[in-house]
Amino acid sequence: MRHTVLAVMLASCLVPMAAHAAPAPAPCDLLDQQMLTALNLADAATKVEHKAIAATAQAPANRMDMCTFTPRVGTGASLSVMRLPLAKKMPPGKPICTDNSAEKFGLATCNVTVKDGIVTVSLVSRRAGFETLSAALRSNFERLFTPGRQ
Amino acid sequence: MKIFSKLSFKSFAVFGTAALLASSAYALSWYDCQPICQQNATNAYNQSYTYYATQQTNYCNSLTDPSAKSACLAGVQAYATQQATNVYNQAYNGCMNSCTHV
């Protein structure tokens, strides 16, 4: 009898835990320390934001979760990662990266579809050293998000 | 490069003015620097918004799943605004730092 009571109590604790198992990762956790180190952001300050997206004629209301990494000292490159949840499960897609540089600064962005959303990572850097950082962004993004390489 | 090449490089001096000021022999006051840096950061905002909106729209349109494409396109404006705001802040802070700390 005592065992039965204990089993029921244990089950009542585990059921709510199971219901909340495997939540979507926080946006900052989508990137790893290796990537941040390569972009000189190993000790960065982080800021998490959640933005509402209004419904359109083609899409229901949604939200985007963003995490921005900025250097604690100086005005070096900053990085942001955005996750846009999708209602429907998707097959993992191939990472796609682009960059754009101007006279004084550069912007680089990588996108990929994961099973439950779209992940976009963007780098902003001064022009000097931008190519190196953009290449590091691309290689690390592909390492993290290429299907079969995770 | 394709996007920026279409835009006026004259206004594209986010860090340029700060570098020019930094090369001068004296530091300017906050009041001298603020309007210059605000203008530079505004230019950076506009240029980067164009980049982010175009880049993200192109990516969304490359998605083959209709619901994913629609959801992606619905988020373009919010994403581009947020990213361009980050660029504004980075440009403004970098400019002010260089301008007032020579």
task = Return a yes/no flag: does the stretch B:88-99 have any residue that is facing another protein chain (nearest Cβ under 7 Å), modelled with pLDDT under 90 and more than 15 Å from the chain's Cα centre (by Cα).
result = yes
ask   = Just for the stretch B:48-71: of the residues that are in a helix (DSSP H, G or I) and touching a Cys at 6+ places or on another chain (Cβ under 8 Å), which one is farthest from A:Arg126 (Cα to Cα)?
value = B:Lys69
request  = Give just the number: which of (1) touching a helix residue (DSSP H, G or I) at 6+ places or on another chain (Cβ under 9 Å); (2) at pLDDT below 95; (3) farther than 25 Å from B:Ser67 by Cβ does A:Arg127 not satisfy?
outcome  = (1)
query = If the Cβ limit is 8 Å and pairs must be 6+ apart or interchain, which residue in the stretch B:54-74 that is facing chain A (nearest Cβ under 8 Å) and surrounded by 15 or more Cβ atoms within 10 Å (Cβ to Cβ) pairs with which residue that is of a type in the set (D, E, K, R) and not in a helix (DSSP H, G or I)?
reply = B:Asp65/A:Lys88; B:Ser67/A:Lys88; B:Ala68/A:Lys88
inquiry  = Can you tell me which residue is farthest from A:Ser78 (Cα to Cα) among those in the stretch A:122-138 that are in contact (Cβ under 8 Å) with a residue 60 or more places away in the chain and away from chain B (no Cβ under 11 Å)?
reply    = A:Ala136
request  = Evaluate the following for B:Cys60: is it modelled with pLDDT of 95 or more and among the hydrophobic types (A, V, I, L, M, F, W, C)?
outcome  = yes
ask   = Counting only residues that are surrounded by 21 or more Cβ atoms within 10 Å (Cβ to Cβ) and either closer than 18 Å to B:Gln77 by Cα or of a type in the set (S, T, N, Q) (or both), how many does the stretch B:34-44 have?
value = 2
inquiry  = When you scan the stretch A:58-76, do you find a residue that is exposed (fewer than 13 other Cβ atoms within 10 Å of the Cβ), among the β-branched types (Val, Ile, Thr) and either touching a residue at least 40 places away in the same chain (Cβ under 8 Å) or under 30 Å from B:Asn93 (Cα atoms) (or both), even just one?
reply    = yes
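The values are calculated or read from the model by the stated rules, or taken from the named source; none is laboratory data. On a predicted model such as this, the values are computed, not experimentally measured, just so you know. Counting neighbours? That spans all protein chains shown, and the Cβs are built from the backbone with ideal geometry, glycine included.
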